[in-house]
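Derivation of every value follows stated rules applied to the coordinates shown; laboratory data play no part. What you see is a predicted model; the values in this text were computed from it and never measured. As a convention, Cβ positions derive from the backbone with ideal geometry for all residues, glycine included, and neighbour counts pool all protein chains shown.
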Amino acid sequence: MKTTFEAISYVWGRSKKNKRIICDGRVIRITKSLSDVLRRLRLPHKRRKLWADGICINQNDLEEKGHQVAIMGDIYRSAKRVLIYMGSEDGGHGPRVCSLLADVGRMIYDNCKQIDMSWDSFPYPEENDPLLSDPRWNSFFYLLDQDWFERGWVVREAAFAQDGLVIWHQSEFYWEAFVQVWLWLARRAHALYWDPECPEAAFVCHSKAFRQRRKALAKVFYPETNWQSDTLLESLNSAAYLQLSDPRDRIYAFMELSEDFGQAITIRPDYKSPPMEVYRQFATQYIEDTKDIRMLDYINHGSDSTYGGTSSWIPRWDVSARSIATHISFNDSPLTSKDGSVHEPRIIDRDTLLVRGVVTDSVQYVSDTFQRDSTTRQTVGELWETVSPMLEDSGYEPSLILDAFLNTLCLGIFLGDEYIWRRHADAFKRYIQIEHQGRMSSEVPSQDLLSRTQDSYATFFLDLAKSVMDQNRFVVTKRGYMGMAPAITQKDDVCAIIFGCQMPCILQVTATKDHYKFRGSASLIGKKFFGGEDESIITVSVGHDDSKEWVDWDVEEQDIYLV
């Protein structure tokens, strides 16, 4: 007989078990946070059957823990309802969030009745839409700042809910209604989404999981060409900013979230193996089973030049940073050799990955590592002053070098309508021209020369660029290409194209011929320019079919040994 129960999703808090409850006639010690949750959820006049990991899993028995973690997806899928407990204090924001969800949800519903629900068919709001300036968004952002959203395990718990109910102090609302509003915010209300008060990174995993399970609704906010299936690698990478007390859970907590789960690999949770050994096992099995090396695109070593004491081709899922490649939506076309082929990777002696590719260039200039909070218009302008003399004979069209520079900062990506996005980029371009190219008197502050609208557009452009630049470096190569590269990049590192990856990469030369350490993926902006639908300037990263200049260079395809 099937048991009917509700599962709890909550924040563990401190691990000290200083509270006691009676369960099946036994006294059990639990944490204060779980005690608070149970007291809030218990019913005054009847029994309630709940499942909580802090009680139902013996955390001290590693074998039992591994077994329970392996079936947790089934547990949350089987629950009649998942109770998502945000906390006992809402600062008075709960009722405002509830009313905002009702109003935005009604707007989404009304619009969906009027459109054909095709790709990217949901309308954008007018610039003066009252919803865009509604003060209740401050309450929405306050909710997103709660500790629950920083926890890694809750992504799966909420994603698998048949019926998710959010409980925040005395306020209650449905999880699906909340995610729908977030989706509209992220895909249609860009000024709100890039508001400094909006903690957008905290919700990336949740929105991906929702999009995957509610494609019929989610697709109205996306162009079909930008739609990406959420792979296992993408799930692992998106969780970089989330908190997990055990680094092994960087893999175990997200194995079932992707659309390719079961088609790629399955690793049984083993809490007796060291974390780096779990990462090695995953990387080895993934490459051997799939013959796919796009896993390299997800590598980000942060600033750790020791590569965590392991092989540089093994992703460090415990590093809280995203690789450059993961900011870009791909159409599943990897970088290829001259004849369009991709070679099968091979693991040699456990520590070495053999791939095929071409070393194309070397790093001539590398900036300091960008920090999101300290990157300003002034620092970007000063960077332009530094690199522009290096580009005089670079081969970029002289009249378009500044456009290419700005495209480099944001990897050539844009949000929403291309025409509107171009206005944002042009506003920032004008700021650079005014303040840092000497075309007008630098004694006049830029905000006096830019209109108020242009100034807000320039701010919007910088906010997006900062999200890409954060923890990365701007580089100029010996061949005169501009690019964004990982923080670990150094002068004289080499640029390479590994066939089968989605992006060029930076490699550290070693003492052994053809042996390299993998620094990370990079975006090197090509010198071919294309016109957009609105006569905007579009550039493509080196190595892709529209920017495959290297085939005419004096470079040869070769075996590359990553160590």
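Counting DSSP beta bridges in the chain, what percent are antiparallel, to the nearest 5? Mind dumping the intermediate values first?
Values: 46 of 61 bridges.
The antiparallel proportion sits near 75 percent.
Given LYS491/LYS527; LYS478/LYS548; LYS338/LYS528; LYS208/LYS491, which pairs have Cα atoms separated by over 29 Å? Walk me through the intermediate numbers first.
On the way: LYS491/LYS527 22 Å; LYS478/LYS548 17 Å; LYS338/LYS528 18 Å; LYS208/LYS491 37 Å.
In this structure, LYS208/LYS491 exceed 29 Å between Cα atoms.
For the chain, just say rounded, prolate or oblate: build the C-alpha gyration tensor, square-root its eigenvalues into a ≥ b ≥ c, call rounded for a/c under 1.5, and beyond that prolate if a/b exceeds b/c, oblate if not. Could the numbers behind the result be given before it?
Working: a/c = 2.08, a/b = 1.32, b/c = 1.58.
The shape class here is oblate.
Say each of ASN226 and SER303 gets a label point 7 Å from the Cα, pointing the same way as Cα to Cβ; how far apart are those two points in nm?
For ASN226 paired with SER303, the spin-label model returns 3.3 nm.
Going through the cross-link list LYS466/LYS513; LYS2/LYS65; LYS65/LYS466, which pairs have a Cα-Cα distance over 32 Å in this structure?
Values: LYS466/LYS513 37 Å; LYS2/LYS65 23 Å; LYS65/LYS466 40 Å.
Beyond 32 Å: LYS466/LYS513; LYS65/LYS466.
Which loop-located trypsin sites (Lys or Arg not before Pro) does segment 1-82 contain, where loop means any DSSP state but H, G, I, E or B and the Cβ has at most 11 other Cβ atoms within 10 Å?
Working: sites: LYS2, ARG14, LYS16, LYS17, LYS19, ARG20, ARG26, ARG29, LYS32, ARG39, ARG40, ARG42, LYS46, ARG47, ARG48, LYS49, LYS65, ARG77, LYS80, ARG81; in loops: LYS2, ARG14, LYS16, LYS17, ARG42, LYS46, ARG47, ARG48, LYS49, LYS80.
In loop regions of segment 1-82 (DSSP not H, G, I, E or B), the sparsely surrounded trypsin sites (Lys or Arg not before Pro) are LYS2, ARG14, LYS16, ARG42, LYS46, ARG47, ARG48, LYS49.
Mind jotting down the distance between the C-alpha centroids of segment 56-107 and segment 1-25, whole Å?
13
State to the nearest 20 debye the size of the charge dipole of the chain about its Cα centre, where the only charges are +1 on K and R beta carbons and -1 on D and E beta carbons.
Numbers: 66 positive and 81 negative charges, 644 e Å.
About 3100 debye.
Net charge within 10 Å of MET72 by Cβ-Cβ distance, Lys/Arg positive one each and Asp/Glu negative one each, not counting MET72 itself? Display every interim value, and only then the final one.
On the way: positive: ARG77, ARG156; negative: ASP53, ASP74, GLU157, GLU256.
With Lys, Arg at +1 and Asp, Glu at -1, the net is -2.
Highest mean first, what order results for 365-378, 484-497, 393-406 on Cβ atoms within 10 Å? Working shown, then result.
Values: 365-378: 14.5, 484-497: 21.9, 393-406: 16.4.
Top of the packing list down: 484-497, 393-406, 365-378.
For ILE167, enumerate residues with amide H under 5 Å from its amide H, sequence gap 5+ or separate chain, H modeled in the peptide plane.
Those qualifying (amide H under 5 Å, at least 5 residues apart or on another chain) are ILE84, TYR85, MET86.
On a 0 to 90 degree scale, rounded to 10, what angle separates helix 377-387 from the longest Cα axis of the chain?
Tilt relative to the chain: about 40 degrees.
Please report the relative contact order for the chain, taking Cα pairs under 8 Å with a sequence separation of at least 6, and give it as a percent rounded to a whole number.
Numbers: 960 pairs, mean separation 75.8, N = 563.
Contact order relative to length: 13 percent.
Can you work out the PRE-style zone for LYS80? Point 7 Å along Cα to Cβ, and I want the residues of segment 1-36 with backbone N under 16 Å.
Backbone N within reach: 1-8.
Given the -39500 (n - 2.57) contribution per DSSP H run of 4+ residues, what per-residue ellipticity at 222 nm results for the chain, rounded to the nearest 500 deg cm²/dmol? Numbers along the way, then the final one.
On the way: 19 runs with 185 residues, N = 563.
That calculation yields -9500 deg cm²/dmol at 222 nm.
How high is the relative contact order of segment 476-523, in percent, with contacts defined as C-alpha pairs under 8 Å that are six or more residues apart? Show your work: numbers first, answer last.
Working: 70 pairs, mean separation 16.8, N = 48.
Relative contact order here is 35 percent.
In terms of Cα to Cα distance under 12 Å, which aspartates and glutamates are near enough to LYS291, apart from those fewer than 8 places away along the same chain?
GLU344
Around ASP147, with a cut-off of 15 angstrom between Cβ atoms, what is the net charge of the other residues, counting Lys and Arg +1 and Asp and Glu -1? Working shown, then result.
Working: positive: ARG14, LYS32, ARG151; negative: ASP36, GLU89, ASP90, ASP145, GLU150, GLU157.
Taking every other residue near ASP147 into account, the sum is -3.
Once you have the Cα-Cα distance between GLN433 and ARG39, take 0.36 nm times their residue separation minus that, and quote the gain in nm to one decimal. Please report the intermediate quantities before stating the final value.
Details: separation 394, 0.36 × 394 = 141.84 nm, distance 6.11 nm.
Result for the pair: 135.7 nm of gain on full extension.
Work from the charge dipole of the chain (Cβ charges, +1 for Lys and Arg, -1 for Asp and Glu, about the Cα centre) and give the residue of LEU101, TYR10, ILE560 farthest towards its positive end.
TYR10
Extension gain ARG346-GLU127, at 0.36 nm per residue separation less the Cα-Cα distance, in nm?
Details: separation 219, 0.36 × 219 = 78.84 nm, distance 5.34 nm.
Additional length available on full extension: 73.5 nm.
Would you please give the FRET efficiency between ARG14 and ASN111, computed as 1/(1 + (r/R0)^6) with r the Cβ-Cβ distance and R0 = 45 Å, to the nearest 0.05? Display every interim value, and only then the final one.
Details: r = 45 Å, r/R0 = 0.99.
According to the calculation, E is roughly 0.50.
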